[in-house]
Amino acid sequence: MHQLTIAEIARGLRDKQFSSVEITSHLLERIQQLDGHYNSFISVTGEQALTDAAAADARLAAGDAPALCGVPIAHKDIFCTSGVRTSCGSKMLDNFVPPYDAAVVENFNRAGAVSLGKTNMDEFAMGSSNESSFYGPVKNPWDLERVPGGSSGGSAAAVAAQLVPGTTATDTGGSIRQPAALTGTTGLKPTYGRVSRWGMIAFASSLDQGGPIARTAEDAALMLSVMAGPDTRDSTCLERPQRDYSASLNDSIQGLKIGVPKEYFGEGLDSEIGARVQEALQAYEKLGAELVEVSLPHSKLAVPAYYVIAPAEASANLSRFDGVRYGYRCENPADLRDLYMRSRGEGFGEEVKRRILVGSYALSAGYYDAYYNKAQQVRRLIKQDFVDAFQKVDVIMGPTAPNPAFKLGEKNADPVAMYLEDIYTIATNLAGLPGMSLPCGFAHGLPVGLQITGNYLDEARMLNVAHQFQQASDWHTKTAPAAE
Ligand code: GLN
């Protein structure tokens, strides 16, 4: 049953081939048996899941079941869940039990989905390997000595290991797409503002966006249809109504113009990955699409601009963790200053501290113009590159990550090497555009991701374009070897 996609599960439940309690118990058993190898979950909420599954079965029997009624999913541990610990991968929030659900969680509950638990992640979503989690690294199901990517490494690995058919995730600079690429799954980061950030713990508020990771574009469409929609509690959430992203999956892509940025195929790209992406582009040509070379001249500046803007916003967002309001508090503080310093010093991990220091520095008087303002100006130029390119093309394609999954520990000593993992994904966030990654083959025996960047609010077309590829290829059906 664990091989089934969300679309197949939803159909099977309606056709009474199996019940939600059956599939939920089956997946919970798998998690219990196998997740010791992957560490993809921080919390498993088995009892609640079975209660919710039974309620879903009752609704299915009564015939008033909403879209995802009875379908098991899991949430990245960055989304607040009422009554369920929400750690954000940090010691700081190891004891934090939110009194409310994030908007995304509410939306899935309303759609009848059954949450199996909370998935592992880099601490406060900072990282590209899932090694900065307080709960230990996640292992890539394709090779347990390798990382699954980050920061949504748990969400991606859980789907790749077939512990759950779909998960929620977040992407600030690549954290949905890069782990999707490294685990052979399909992930989508929506247009900034398409999905409410309410109740999603903030890393860099102008870049953060929630989205789905699943095995197919069809499933990502089902999940996005539930996740996305207006929310007055998030002032940056767009006032567009919810829509059905499944409706246009089968549209023809004859005449589709695919922009291929020349900057995305240069130095630093693993040659086998480059070859797989070129093959995918040729497959698109066979489907009737036209390849058009485009240029994103400022793309080289995306990583440096991001590593000023994201830490700057993080330093402000993380100031709320002070040992007073919620989260970790040090033992026996001598005075208020000691309470602040030791609670933060002991509660945050190394990468988070590095970002807070960099961000505070970039925002401080005297450096603000030189770093923060300059980075915002560069961000504007990066956005303009995309606006210009989308005058000529419908979507942009290239590699998602420069290399396949790397070994645990391989990039830990060198933060810059880790930061360069997101060299192809970060510009999308700076521009606020939607992006996807889908499996397009293997390099060195490991999954390769094809990145699709769409125009603003063009998620439906991206999903259509991805679905058409998956109708003509079978990379997304390849499964990771079973863990011993
Ligand atoms: N890897 C990037 C970082 O460390 C992006 C993380 C993310 O998208 N949350 O900031």
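The values are calculated or read from the model by the stated rules, or taken from the named source; none is laboratory data. Nothing here was measured: the structure is a model prediction, and the numbers come from that model. Cβ: placed from backbone, ideal geometry, glycine included. Neighbour counts: every protein chain shown.
Filtering Lys257, Lys189 for residues that are in contact (Cβ under 8 Å) with a residue 12 or more places away in the chain, within 16 Å of the ligand (Cβ to nearest atom) and basic (Lys, Arg) leaves a single hit, Lys189.
When Ala113 is tested against (1) touching a Phe, Trp or Tyr at 6+ places or on another chain (Cβ under 7 Å); (2) away from the ligand (no atom under 16 Å from the Cβ), just one condition goes unmet, and that condition is (1).
Limited to region 227-271, what total is found for residues that are in a loop (DSSP other than H, G, I, E, B) and among the aromatic types (Phe, Trp, Tyr)?
Count: 1.
The residues of region 224-245 that are in contact (Cβ under 8 Å) with a residue 40 or more places away in the chain and either β-branched (Val, Ile, Thr) or touching a Ser or Thr at 6+ places or on another chain (Cβ under 8 Å) (or both), listed by number, are Ser225, Val226, Met227, Gly229, Asp231, Arg233, Asp234, Thr236, Cys237, Leu238, Arg243, Tyr245.
What's the total number of residues in region 158-186 that are touching a residue at least 60 places away in the same chain (Cβ under 8 Å), small (Gly, Ala, Ser) and within 16 Å of the ligand (Cβ to nearest atom)? Count: 5.
Scanning region 313-352 for residues being among the basic types (Lys, Arg) and either assigned to a helix (DSSP H, G or I) or touching a Cys at 6+ places or on another chain (Cβ under 7 Å) (or both) gives a total of 4.
For region 203-249, a residue qualifies if it is away from the ligand (no atom under 16 Å from the Cβ) and among the aromatic types (Phe, Trp, Tyr), and exactly one does: Tyr245. When the residues of region 422-457 are narrowed to those that are within 16 Å of the ligand (Cβ to nearest atom) and among the β-branched types (Val, Ile, Thr), which ends up surrounded by the fewest Cβ atoms within 10 Å (Cβ to Cβ)? Only one residue tops the list, namely Ile423. Suppose the filter is acidic (Asp, Glu), farther than 19 Å from Lys76 by Cα and either modelled with pLDDT under 95 or buried (at least 24 other Cβ atoms within 10 Å of the Cβ) (or both); does Glu267 pass it? Yes, satisfied. If you filter region 272-303 down to residues that are in a strand (DSSP E or B) and of a type in the set (Val, Ile, Thr), you find that the one that is surrounded by the fewest Cβ atoms within 10 Å (Cβ to Cβ) is Val292. Inside region 344-370, residues that are hydroxyl-bearing (Ser, Thr, Tyr) and under 22 Å from Gly127 (Cβ atoms) make up a count of 2.
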